[in-house]
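Since every read-out is calculated from the coordinates, none of them should be taken as a lab result. Note that the structure is predicted; figures quoted are calculated from it, not measured.
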């Protein structure tokens, strides 16, 4: 039996109900944008000493730019430039021709500090604070929502490995 798109399947007033919820969706997205902007601004102000230390450490550790822009695809496959701290030495190549991570880059990556410049993307409206990850390939992007700096799974997950008692 094939489903038909008609009023008998979806109800007589399904279009009316959808139109009535649209203002609420606009209001909630405006509130989310306002909250994203407020939290990103406050975070950048409070974390500015840490960002300055990371900036100086990267600059002293190896030559090259401190920030890099990585092309990603966001909401509706729109290209965005995501900011990150540079973690690799651009002068040397490691295994398989890839640049080697610097000492500072390893620390920044392990602590997650390398992702803090994404707060600028949040301020620019390209990312949300919480949402799906931005995609590296336009064909792979399934973002029907604004991509986030942090994913929900990262918030609820712990970074500690499971203990032996958890495996039983």
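Count the DSSP beta bridges whose two residues both fall in region 48-155, then state the antiparallel fraction as a percent rounded to the nearest 5.
Percentage antiparallel, nearest 5: 85.
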Query raised in the report: What is region 48-155's relative contact order, in percent, from Cα pairs under 8 angstrom and six or more apart in sequence?
Result: 25 percent
Requested in this report: With a ≥ b ≥ c taken as the square roots of the eigenvalues of the C-alpha gyration tensor of region 48-155, please select rounded if a/c is under 1.5 and otherwise prolate if a/b is larger than b/c or oblate if it is not?
Outcome: prolate
